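Peer 1: Here it is, the structure in full.
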Amino acid sequence: MINEACVGLRVSQDYTYDWRDVILYHLGIGAGQKDLEYIYEKDLKMLPTFGVVPCFATFGTKPHYDRPYLPTSLMEGLRPEGTLHMDHRLVIHRPADPQGGNWHVEKQVSRVYDRGKDRGAKIMIEVQVSDRVGPVFTNTIGYFNRYAGGFGGQQPPSPGTDIPRRTPDRVLSASYGELANAVYRLTGDTHRLHIDPEFAEKSGFDRCIVHGLCSMGYGCRMLVGMLIPHRPERMKEMEVQFRSVAYPGERFCLELWQTGETEAVFRTVSEQTGKAILDRGRFVWE
């Protein structure tokens, strides 16, 4: 069982990347022939959600682990098979070099919330990504663990972003690549759920599912194209809730409501099921 004593648990890694890692990430989130600025090293640009990669990377890291390295590994008695990625917030402090760099990554448990006995707990992890100059990205990860509730802690806060009760200002349809799961895992998030059909079936899914952060990357690429085309460096912040799973090849639509001069809210919805994949999304630029 977890409790507030877990707050402050910390692990750290160094992460090194080059232009090939950036292009591979872009291919993993659906960039294609029309996106030359994201798939060709000449005049290469970086979509800012590349900043989520060091959170779970198993490649280019020191110390190296064959699984994503998080401070939840230090929580005694935590059952990792009961943990799901609920939400994610990315803040960009300044643009990163798309040609490569060396980052220091600090990962710390920042809060734990109690949903109640038999209702699980929410674990918040803050991931600070810095270079020699200072912070580049801050990630805030919300994890749900179905087995860890009932320790008498504070209830999690209500979500801060609401979807407007009106017709979206813009709607854009797209589809995941047939190999979206296989390509995205080469960024370093190598969890078996996304590649091993037998493991996926044991986890309750018909087949392997797309990474939640892959869906977030698809959303970022589409939002940049809609709101700040060819200027990804203008993006300042993005947050999402992971509402339901997506499958390779699945079609979806992105629904967007512009709520200010430099702010929009959005969600993505499966065209097959009508269910939200990403929900309560928020996108901010300058």
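Peer 1: Six or more apart or on different chains, Cβ atoms under 7 Å: show the pairs whose first residue is in the range 202-214 and under 30 Å from residue 48 (Cα atoms) and whose second is among the hydroxyl-bearing types (Ser, Thr, Tyr) and not in a loop (DSSP other than H, G, I, E, B).
Peer 2: Once the first residue is under 30 Å from residue 48 (Cα atoms) and sits in the range 202-214, its partners that are among the hydroxyl-bearing types (Ser, Thr, Tyr) and not in a loop (DSSP other than H, G, I, E, B) give 211/184; 214/184.
Peer 1: With respect to residue 267, determine if the residue is farther than 20 Å from residue 51 by Cα, at pLDDT 95 or above and basic (Lys, Arg). It would help to see each step written out before you state the result.
Peer 2: Details: farther than 20 Å from residue 51 by Cα: yes; at pLDDT 95 or above: yes; basic (Lys, Arg): yes.
Yes: the conditions hold for residue 267.
Peer 1: Filter the range 231-267 down to residues that are β-branched (Val, Ile, Thr) and farther than 18 Å from residue 84 by Cβ and give me whichever is surrounded by the most Cβ atoms within 10 Å (Cβ to Cβ). Break it down into steps so the answer makes sense when it comes.
Peer 2: The initial filter retains those residues of the range 231-267 that are β-branched (Val, Ile, Thr), namely 240, 245, 259, 262, 265.
Then keep just the ones that are farther than 18 Å from residue 84 by Cβ; that gives 259, 262, 265.
Numbers: 259: 16, 262: 14, 265: 20.
Top of the filtered list is 265.
Peer 1: Only one of 88, 104, 93 is in contact with a Ser or Thr (Cβ under 8 Å, 6 or more places away or on another chain), over 25 Å from residue 281 (Cα atoms), at pLDDT 95 or above and surrounded by 15 or more Cβ atoms within 10 Å (Cβ to Cβ); which?
Peer 2: Just a single option satisfies the conditions, and that option is 104.
Peer 1: Right, another one. Would you please name the residue that is farthest from residue 210 (Cα to Cα), looking only at residues in the range 169-198 that are assigned to a loop (DSSP other than H, G, I, E, B) and open to solvent by less than 60 Å² (accessible area, probe 1.4 Å)?
Peer 2: So the residue we want is 188.
Peer 1: Can we say residue 237 is of a type in the set (D, E, K, R) and at pLDDT 95 or above? Please lay out each step first, then the result.
Peer 2: Values: of a type in the set (D, E, K, R): yes; at pLDDT 95 or above: yes.
So residue 237 fits the description; yes.
Peer 1: Is it the case that residue 238 is in a helix (DSSP H, G or I) and under 21 Å from residue 162 (Cβ atoms)?
Peer 2: Judged against the criteria, residue 238 is not a match.
Peer 1: If you don't mind, another one. Here are the criteria: (1) at pLDDT 95 or above; (2) of a type outside the set (Phe, Trp, Tyr); (3) in contact with a helix residue (DSSP H, G or I) (Cβ under 8 Å, 6 or more places away or on another chain). Tell me which single one residue 194 does not satisfy.
Peer 2: (1)
Peer 1: With respect to residue 46, is the statement that it is in contact (Cβ under 8 Å) with a residue 40 or more places away in the chain and farther than 23 Å from residue 174 by Cα true?
Peer 2: No; evaluated as a whole, the condition is false for this residue.
Peer 1: Here's something else I'd like to know. Determine if the range 201-208 includes at least one residue that is modelled with pLDDT of 95 or more and either open to solvent by 20 Å² or more (accessible area, probe 1.4 Å) or more than 26 Å from residue 56 (Cα to Cα) (or both).
Peer 2: Taking every residue of the range 201-208 in turn, none turns out to be modelled with pLDDT of 95 or more and either open to solvent by 20 Å² or more (accessible area, probe 1.4 Å) or more than 26 Å from residue 56 (Cα to Cα) (or both).
Peer 1: Follow-up question, since we're still on this one. Would you tally the residues in the range 241-265 being of a type outside the set (Val, Ile, Thr), farther than 16 Å from residue 163 by Cα and in contact with an Asp or Glu (Cβ under 9 Å, 6 or more places away or on another chain)?
Peer 2: 7
Peer 1: Here's a follow-up. Suppose the filter is in contact with a Ser or Thr (Cβ under 9 Å, 6 or more places away or on another chain) and at pLDDT below 90; does residue 140 pass it?
Peer 2: no
Peer 1: Looking at the range 27-44 only, could you name the residues that are open to solvent by less than 60 Å² (accessible area, probe 1.4 Å), part of a loop (DSSP other than H, G, I, E, B) and either of a type in the set (D, E, K, R) or farther than 25 Å from residue 285 by Cβ (or both)?
Peer 2: Just the residues of the range 27-44 that are open to solvent by less than 60 Å² (accessible area, probe 1.4 Å), to begin with: 28-32, 35, 37-39, 44.
Subset that is part of a loop (DSSP other than H, G, I, E, B): 29-32, 35, 44.
If the condition is that a residue be open to solvent by less than 60 Å² (accessible area, probe 1.4 Å), part of a loop (DSSP other than H, G, I, E, B) and either of a type in the set (D, E, K, R) or farther than 25 Å from residue 285 by Cβ (or both), then 35 is the only one that fits.
Peer 1: If a residue has to be open to solvent by 70 Å² or more (accessible area, probe 1.4 Å) and either aliphatic (A, V, I, L, M) or assigned to a loop (DSSP other than H, G, I, E, B) (or both) to count, how many in the range 45-68 make the cut? Lay out the reasoning, then the answer.
Peer 2: Applying the first criterion (open to solvent by 70 Å² or more (accessible area, probe 1.4 Å)) to the range 45-68 yields 59, 62, 64-67.
Remaining after also requiring either aliphatic (A, V, I, L, M) or assigned to a loop (DSSP other than H, G, I, E, B) (or both): 59, 64-67.
Here the count works out to 5.
Peer 1: Which pairs do you get when a residue that is open to solvent by 70 Å² or more (accessible area, probe 1.4 Å), found in the range 1-25, comes within reach of a residue that is part of a loop (DSSP other than H, G, I, E, B) and of a type outside the set (A, V, I, L, M, F, W, C), reach meaning Cβ atoms under 7 angstrom, with the pair 6+ apart or on two chains?
Peer 2: Pairs found: 1/77; 4/153; 16/60; 19/41; 19/98; 19/99.
Peer 1: Let me ask something additional. Within the range 69-82, which residues are buried (at least 19 other Cβ atoms within 10 Å of the Cβ) and within 19 Å of the chain's Cα centre (by Cα)?
Peer 2: Passing the criteria: 69, 70, 71, 72.
The values are calculated or read from the model by the stated rules, or taken from the named source; none is laboratory data. What you see is a predicted model; the values in this text were computed from it and never measured. All Cβ positions, even for glycine, are placed from backbone atoms using ideal geometry, and neighbour counts span all protein chains on display. Remember, those area values only see protein heavy atoms, side chains included, never the ligands or the DNA or RNA. Shrake-Rupley method; radii C 1.70, N 1.55, O 1.52, S 1.80 Å.
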